[in-house]
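A.B. asks: Below you will find the structure I want to go over with you.
The values are calculated or read from the model by the stated rules, or taken from the named source; none is laboratory data. Note that the coordinates shown come from a computational prediction; the quantities given were computed from them, not determined experimentally. Using ideal geometry, Cβ is built from the backbone for each residue, glycine included, and neighbour counts are taken over all protein chains shown. What goes into the accessible areas is simple: the full protein's heavy atoms, side chains included, and nothing from ligands, DNA or RNA. Shrake-Rupley method; radii C 1.70, N 1.55, O 1.52, S 1.80 Å.
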Amino acid sequence: MRIVCLGGGPAGLYFAITMKLKNPDHEIVVVERNRPDDTFGWGVVLSDETLENLARNDPESAAAIRAHFAYWDDIAVSYRGTRTVSSGHGFCGIGRRTLLLLLQARARELGVELRFQTEVENAADYADKFDLVVAADGLNSRVRREFADQFNPEIDVRKCKFVWLGTHQKFDDAFTFIFEETEHGWVWAHAYQFDDDTATFIVECAEETWQKFGFGAMSQQESIAICERIFRDHLDGHPLMTNAHHIRGSAWISFPRVLCERWHYKNIVLLGDAAATAHFSIGSGTKLALESAVALANYVESEPTLEAAFEKYEDERRVQVLRLQSAARNSMEWFEEVERYFDLDPVQFNYSLLTRSQRISHENLRLRDRRWLESAEAWFQQRAGTPANVVRRPMFAPFQLRDLRLKNRVVVSPMDQYKAVDGCPTDWHFVHYGERAKGGAGLLYIEMTCVSAQGRITPGCTGLYAPEHEVAWKRIVDFVHRETEARICCQLGHSGAKGSTQLGWEEMDAPLPAGNWPLISASAIPWSPKNQVPRAMTRADMDRVTAEFVSAAEMADRAGFDMLELHAAHGYLLSSFITPITNDRTDEYGGSLENRMRYSLEVFHAVRKVWPEEKPISVRISAHDWVGDRGVMPAEAVEIARILQAEGVDICNVSAGQTSRQAKPVYGRMFQTPFSDRIRNETGMATMAVGNIYEPDHVNSILMAGRADLVCLARPHLSDPYWTLHAAAALGDHEEAWPEPYWPGRDQLWRLAERGETSGMKV
Ligand SMILES: Cc1cc2nc3c(=O)[nH]c(=O)nc-3n(C[C@H](O)[C@H](O)[C@H](O)COP(=O)(O)OP(=O)(O)OC[C@H]3O[C@@H](n4cnc5c(N)ncnc54)[C@H](O)[C@@H]3O)c2cc1C
Ligand SMILES: Cc1cc2nc3c(=O)[nH]c(=O)nc-3n(C[C@H](O)[C@H](O)[C@H](O)COP(=O)(O)O)c2cc1C
């Protein structure tokens, strides 16, 4: 087969090598615009695992690469005068120039023709002359542009600016991140050694900072001089160096995240950065390029046609690329938003940095560096007011809001049971909540409890609008207080336009077959064409509903609830005012955010007046309507939280969605936690995170990284009322109190856990 690789970077060279190894009869040419040894850039990071994969493919080049590896195990973070070091991270680096020279030598030895200083102008010419054209021409691939209609690339140019520099200053003891505050904002460096006397030194900052410095208009030497000044305390007088002399201007760039919809066209196939990129902060671009080259070569050899080979290559590699791009996106976004974290204590900042890609879990950090993680856990506990030297997971740290003290950070999220009769909780509720209170969570929510019969979602919803409701709730609350250490929160709500619908397990949000009651909402906008059109609330409606909230809050207090939450999320009445999708009012309750918040605040203030001073109030919000900028977006959610905070709300329970049938949520593990993170770290308000959080590790990492103060789990508590006690047992934590009658069960579980049998709980 006659093969040409357009581009002699790691991808093109390694594909050529692999094909020659498979069949020396292939005629292979690599066309590269540069000279053999004028590679730009400095070092790249690989891992031992990648090298093992390469060794299986070609032991010779793998051995040559390994012989030139610089290894390091530590990550150091310099921030606010503190240098924090953690171990066990295991990286290796190699100079990009060395890597390419080794690959060039190996390719030559195998009979590959290397044509340097040859610019590829037009891939179509090569496609006529060769059987197979591998477009490995990198990030700014010309071939990708030439056939853009076929490959349909999505190119997302990111927010930060960076420049790839080198230095002879030693960073040989650790991969080092350095954060420096300057007169124009924060600037940071990613530094790592890649041979005996040279280190990569990537300088990065927000575009705004870059503009203020005027880096864009400077020569490379001018911007280097400024970077040397910024990082002088870390450079010991060593200069920063560029090897991008071929680039005119400043050499700063914005990272383009590339993903092509299709990777092949006729006999042309994209490889490496030309097909997809992964942000440099997780150091995986070269790994992806090399491993994709192996996969492509394997399929070209094994499949009967190029088309079949390309299909299989694309199927296999797309999954890997998406996985790495997802981790890379998390990492990249962390750096893009890093200014949000600059108020964190260095311990928490370091933890947040180490877990930024979400590939490293809490327990995985323990395996890497137990001593460091335990010191971080001790710091967390101490901040929570635990006596000194207690080392326990963050989920078992106490939390205080006003006079309410929670024994741990796990919350049973509110979940409607649809089992009430005329608003009155039944034995179902007594048993259901009793069980969950015994299960170990620090805080137990009851379901959205409605302030009037008309305000119920379904005929099965609970209420607090009749004396018998108060009595029934009091029985439950008394049991919780008498028999457990859990505290109990009453969520009060009004269903608005989503009322008068069927039970959760019937047709959700659909009107009742008979006996519907009239609805009110911010505006006369029905939930769906099937649902009733609600009446837009009048002033009299507002006053009446406010009074109902007040009366329900008074009952909740008499029933003994420890905390109150106003449900202003998920499209119910208060939420219908806040989100612009369901609020088209032209009075002072519609339009600006201030106006849309007005009614919820009126209710809050009225309730606050009757709710005892020592007990906290929370508000649950939908931080994202998932309908683009027609609805609430996370940035506006920060403003919502700021308003709540300024008005005296104690904690924001950050949920999302369920406000529109057009919503397109992006689901995933902990998918709503970023909204809590943003609110907490941009406003300083206490938050609760919720949404697809189901492992103890999720809870611990959210808390330790400062992404929330409390963590709500809903569905996990339906399948396991004892989620917290089971988590504690699985983690080997024996401090959580079990009810006395259950001690024999507890002891057995502890023994089983010691033997690694954790009854399905993943830790
Ligand atoms: C700042 C920074 C730091 C990075 N750090 C790491 C890291 O630590 N670890 C890691 O794995 N990856 C890292 N990467 C990414 C890594 O460099 C790339 O992912 C990797 O080089 C991709 O290999 P490639 O062969 O696809 O593309 P490239 O390495 O870009 O190679 C493409 C080649 O094609 C040539 N070429 C382009 N156009 C033409 C043309 N028209 N005619 C002829 N030749 C042409 C180029 O000269 C180049 O040699 C980093 C990238 C950046 C920007
Ligand atoms: C059966 C069920 C009922 C729910 N009822 C309520 C409710 O009454 N009030 C509320 O704010 N959220 C309610 N939710 C949402 C949960 O509190 C939680 O936000 C959501 O389920 C995501 O958390 P999870 O992934 O841990 O389940 C309910 C969820 C479920 C599964």
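A.B. asks: Of the residues that make up segment 129-141, is at least one more than 14 Å from ligand 1 (Cβ to nearest atom), among the acidic types (Asp, Glu) and open to solvent by 80 Å² or more (accessible area, probe 1.4 Å)? Give the steps one after another, and end with the answer.
C.D. replies: From segment 129-141, those more than 14 Å from ligand 1 (Cβ to nearest atom) are 129-132; that's our starting set.
Filter once more, keeping what is among the acidic types (Asp, Glu): 131.
Checking which are open to solvent by 80 Å² or more (accessible area, probe 1.4 Å) leaves us with none.
No; the residues of segment 129-141 include none that is more than 14 Å from ligand 1 (Cβ to nearest atom), among the acidic types (Asp, Glu) and open to solvent by 80 Å² or more (accessible area, probe 1.4 Å).
A.B. asks: Let me confirm something: among 79, 71, which residue is away from ligand 1 (no atom under 11 Å from the Cβ), at pLDDT below 95 and crowded, with 21+ Cβ neighbours inside 10 Å?
C.D. replies: On the way: 71 fails: crowded, with 21+ Cβ neighbours inside 10 Å.
Criteria check complete, one pass: 79.
A.B. asks: Go through segment 587-608 and give me each residue that's under 30 Å from the mean Cα position of the chain (by Cα) and part of a loop (DSSP other than H, G, I, E, B).
C.D. replies: Keep residues of segment 587-608 that are under 30 Å from the mean Cα position of the chain (by Cα), which gives 592-594, 596-597, 600.
592, the sole residue that qualifies.
A.B. asks: Here's another thing I want to ask about it. For segment 703-759, give me each residue that is under 25 Å from residue 680 (Cα atoms) and away from ligand 2 (no atom under 14 Å from the Cβ).
C.D. replies: Passing the criteria: 703, 704, 705, 706, 707, 709.
A.B. asks: If only one of 266, 312 is closer than 16 Å to residue 152 by Cα, of a type outside the set (Val, Ile, Thr) and away from ligand 1 (no atom under 15 Å from the Cβ), which one is it? Don't jump to the end; show me each part of the working.
C.D. replies: On the way: 312 fails: closer than 16 Å to residue 152 by Cα.
Just one listed residue meets the conditions, 266.
A.B. asks: Looking at residue 551, is it over 15 Å from residue 455 (Cα atoms) and either in a loop (DSSP other than H, G, I, E, B) or out of contact with any strand residue (DSSP E or B) (no Cβ under 7 Å at 6 or more places or on another chain) (or both)? Spell out how you get there, then give the answer.
C.D. replies: Numbers: over 15 Å from residue 455 (Cα atoms): no; either in a loop (DSSP other than H, G, I, E, B) or out of contact with any strand residue (DSSP E or B) (no Cβ under 7 Å at 6 or more places or on another chain) (or both): yes.
So residue 551 fails the test.
A.B. asks: All but one of (1) out of contact with any Cys (no Cβ under 8 Å at 6 or more places or on another chain); (2) farther than 22 Å from residue 617 by Cβ; (3) more than 16 Å from ligand 2 (Cβ to nearest atom); (4) touching a residue at least 12 places away in the same chain (Cβ under 8 Å) hold for residue 466, so report the exception by its number.
C.D. replies: Among (1) out of contact with any Cys (no Cβ under 8 Å at 6 or more places or on another chain); (2) farther than 22 Å from residue 617 by Cβ; (3) more than 16 Å from ligand 2 (Cβ to nearest atom); (4) touching a residue at least 12 places away in the same chain (Cβ under 8 Å), the lone unmet condition for residue 466 is (1).
A.B. asks: Starting from segment 262-282, keep only residues that are charged (D, E, K, R), then list their pairs with residues that are away from ligand 2 (no atom under 16 Å from the Cβ) and open to solvent by 30 Å² or more (accessible area, probe 1.4 Å) whose Cβ atoms are within a distance under 7 Å, requiring at least 6 positions of separation or different chains.
C.D. replies: 262/150; 262/152; 273/139
A.B. asks: Identify the single condition in (1) at positive phi; (2) touching a His at 6+ places or on another chain (Cβ under 8 Å) that residue 138 does not satisfy, given that it satisfies every other one.
C.D. replies: With (1) at positive phi; (2) touching a His at 6+ places or on another chain (Cβ under 8 Å) applied to residue 138, the lone miss is (2).
A.B. asks: Please specify each residue of segment 609-619 satisfying the condition of being in a loop (DSSP other than H, G, I, E, B) and open to solvent by 20 Å² or more (accessible area, probe 1.4 Å). Can you show your working first?
C.D. replies: The first filter runs over segment 609-619 and keeps only residues in a loop (DSSP other than H, G, I, E, B), leaving 611-616.
Residues satisfying the conditions are 612, 613, 614, 615.
A.B. asks: Being open to solvent by 20 Å² or more (accessible area, probe 1.4 Å), of a type outside the set (A, V, I, L, M, F, W, C) and out of contact with any strand residue (DSSP E or B) (no Cβ under 8 Å at 6 or more places or on another chain) is the filter here, so list the residues in segment 356-369 that pass it.
C.D. replies: Scanning segment 356-369 gives 356, 358, 359, 361, 363, 364, 366.
A.B. asks: Would you check if residue 642 is closer than 30 Å to residue 529 by Cα and more than 21 Å from the chain's Cα centre (by Cα)? It would help to see each step written out before you state the result.
C.D. replies: Numbers: closer than 30 Å to residue 529 by Cα: no; more than 21 Å from the chain's Cα centre (by Cα): yes.
Answer is no for this residue.
A.B. asks: Can we say residue 300 is part of a strand (DSSP E or B), of a type in the set (Val, Ile, Thr) and either open to solvent by less than 20 Å² (accessible area, probe 1.4 Å) or away from ligand 1 (no atom under 13 Å from the Cβ) (or both)? Walk me through it before giving the result.
C.D. replies: Details: part of a strand (DSSP E or B): no; of a type in the set (Val, Ile, Thr): yes; either open to solvent by less than 20 Å² (accessible area, probe 1.4 Å) or away from ligand 1 (no atom under 13 Å from the Cβ) (or both): yes.
Considered against the rule, which asks whether it is part of a strand (DSSP E or B), of a type in the set (Val, Ile, Thr) and either open to solvent by less than 20 Å² (accessible area, probe 1.4 Å) or away from ligand 1 (no atom under 13 Å from the Cβ) (or both), residue 300 comes out as no.
A.B. asks: Just to be sure, is residue 115 without any contact (Cβ under 8 Å) to a residue 24 or more places away in the chain, away from ligand 2 (no atom under 16 Å from the Cβ) and out of contact with any helix residue (DSSP H, G or I) (no Cβ under 8 Å at 6 or more places or on another chain)? Write out each step before concluding.
C.D. replies: Details: without any contact (Cβ under 8 Å) to a residue 24 or more places away in the chain: no; away from ligand 2 (no atom under 16 Å from the Cβ): yes; out of contact with any helix residue (DSSP H, G or I) (no Cβ under 8 Å at 6 or more places or on another chain): yes.
So residue 115 does not fit the description; no.
A.B. asks: Are there any pairs, at least 6 apart or on different chains, whose C-beta atoms fall under 7 Å, with the first in segment 371-398 and within 16 Å of residue 686 (Cβ to Cβ) and at pLDDT 95 or above and the second of a type in the set (Val, Ile, Thr) and open to solvent by 20 Å² or more (accessible area, probe 1.4 Å), and if so, which?
C.D. replies: That search, which allows pairs on different chains as well, returns 397/386; 398/386.
A.B. asks: Hey, can you tell me all the residues within segment 18-56 that are among the polar types (S, T, N, Q) and either surrounded by fewer than 21 Cβ atoms within 10 Å (Cβ to Cβ) or within 16 Å of ligand 2 (Cβ to nearest atom) (or both)? Let's see the steps before the verdict.
C.D. replies: Start the filter on segment 18-56 by keeping residues that are among the polar types (S, T, N, Q), which leaves 18, 23, 34, 39, 47, 50, 53.
Answer for segment 18-56, where residues must be among the polar types (S, T, N, Q) and either surrounded by fewer than 21 Cβ atoms within 10 Å (Cβ to Cβ) or within 16 Å of ligand 2 (Cβ to nearest atom) (or both): 23, 34, 39, 47, 50, 53.
A.B. asks: From the list 295, 206, pick out the single residue that is aliphatic (A, V, I, L, M) and touching a Lys or Arg at 6+ places or on another chain (Cβ under 6 Å). It would help to see each step written out before you state the result.
C.D. replies: Details: 206 fails: touching a Lys or Arg at 6+ places or on another chain (Cβ under 6 Å).
Checking each option against the conditions leaves just 295.
A.B. asks: Can you find a residue that is at pLDDT 90 or above, surrounded by fewer than 20 Cβ atoms within 10 Å (Cβ to Cβ) and in a helix (DSSP H, G or I) anywhere in segment 4-17?
C.D. replies: Applying the first criterion (at pLDDT 90 or above) to segment 4-17 yields 4-17.
Right, trim to surrounded by fewer than 20 Cβ atoms within 10 Å (Cβ to Cβ) and you get none.
Checked against the condition, which is being at pLDDT 90 or above, surrounded by fewer than 20 Cβ atoms within 10 Å (Cβ to Cβ) and in a helix (DSSP H, G or I), segment 4-17 yields no hits at all.
A.B. asks: So, one more: Going through segment 165-185 one residue at a time, which ones are of a type in the set (Gly, Ala, Ser) and surrounded by fewer than 21 Cβ atoms within 10 Å (Cβ to Cβ)? Break it down stepwise before answering.
C.D. replies: Applying the first criterion (of a type in the set (Gly, Ala, Ser)) to segment 165-185 yields 166, 174, 185.
Selection gives 185 alone.
A.B. asks: May I ask you to list the residues in segment 621-678 that are touching a His at 6+ places or on another chain (Cβ under 8 Å), in a helix (DSSP H, G or I) and surrounded by fewer than 19 Cβ atoms within 10 Å (Cβ to Cβ)?
C.D. replies: Those that are touching a His at 6+ places or on another chain (Cβ under 8 Å), in a helix (DSSP H, G or I) and surrounded by fewer than 19 Cβ atoms within 10 Å (Cβ to Cβ): 634, 647.
A.B. asks: Just for segment 433-449: of the residues that are assigned to a loop (DSSP other than H, G, I, E, B) and not hydrophobic (A, V, I, L, M, F, W, C), which one is nearest to residue 573 (Cα to Cα)? Break it down stepwise before answering.
C.D. replies: Of segment 433-449, the ones assigned to a loop (DSSP other than H, G, I, E, B) are 439-442.
Okay, now just the ones that are also not hydrophobic (A, V, I, L, M, F, W, C), so 439-440, 442.
Numbers: 439: 32, 440: 32, 442: 29 Å.
The residue in question is 442.
A.B. asks: Taking the criterion of being open to solvent by 20 Å² or more (accessible area, probe 1.4 Å) and out of contact with any Phe, Trp or Tyr (no Cβ under 9 Å at 6 or more places or on another chain), would at least one residue in segment 700-710 satisfy it?
C.D. replies: yes
A.B. asks: Further question: Among the helices (runs of 4 or more DSSP H) confined wholly to segment 37-132, which include 1 or more residues that are of a type outside the set (Ser, Thr, Tyr) and touching a Ser or Thr at 6+ places or on another chain (Cβ under 8 Å)?
C.D. replies: Values: elements: 48-57, 59-67, 96-109, 123-129.
Qualifying helices (runs of 4 or more DSSP H): 48-57, 96-109.
A.B. asks: Of the residues 584, 557, only one is of a type in the set (Asp, Glu), out of contact with any Phe, Trp or Tyr (no Cβ under 9 Å at 6 or more places or on another chain), touching a residue at least 12 places away in the same chain (Cβ under 8 Å) and not in a strand (DSSP E or B); which? Show your work before the answer.
C.D. replies: Working: 557 fails: out of contact with any Phe, Trp or Tyr (no Cβ under 9 Å at 6 or more places or on another chain).
Matching residue, one of 584, 557: 584.
A.B. asks: Could you check, for segment 208-223, whether at least one of its residues is within 17 Å of residue 176 (Cβ to Cβ) and in contact with a strand residue (DSSP E or B) (Cβ under 8 Å, 6 or more places away or on another chain)? Steps first, answer last, please.
C.D. replies: Residues of segment 208-223 that are within 17 Å of residue 176 (Cβ to Cβ), as a first pass: none.
No: segment 208-223 contains no residue that is within 17 Å of residue 176 (Cβ to Cβ) and in contact with a strand residue (DSSP E or B) (Cβ under 8 Å, 6 or more places away or on another chain).
A.B. asks: Let me ask something else about it. If you take the residues in segment 461-498 that are in a loop (DSSP other than H, G, I, E, B) and over 19 Å from residue 438 (Cβ atoms), which one is most open to solvent (accessible area, probe 1.4 Å)?
C.D. replies: Step one: list which residues in segment 461-498 are in a loop (DSSP other than H, G, I, E, B), which gives 461-462, 464-466, 484-486, 494-495.
After this cut, where a residue has to be over 19 Å from residue 438 (Cβ atoms) as well, the list is 461-462, 464-466, 494-495.
Details: 461: 0, 462: 0, 464: 1, 465: 67, 466: 14, 494: 4, 495: 0 Å².
Only one residue tops the list, namely 465.
A.B. asks: Considering only segment 737-751, state which residues are in contact (Cβ under 8 Å) with a residue 12 or more places away in the chain, surrounded by fewer than 21 Cβ atoms within 10 Å (Cβ to Cβ) and not aromatic (Phe, Trp, Tyr).
C.D. replies: 737, 739, 746
A.B. asks: If I filter segment 681-690 down to residues being buried (at least 24 other Cβ atoms within 10 Å of the Cβ) and of a type outside the set (Ser, Thr, Tyr), which single residue comes out as nearest to ligand 2 (Cβ to nearest atom)? It would help to see each step written out before you state the result.
C.D. replies: Within segment 681-690, the first condition is being buried (at least 24 other Cβ atoms within 10 Å of the Cβ), and the residues that meet it are 687-690.
Of the ones still in play, those that are also of a type outside the set (Ser, Thr, Tyr) are 688-690.
Details: 688: 10, 689: 10, 690: 4 Å.
The qualifying residue nearest to ligand 2 (Cβ to nearest atom) is 690.
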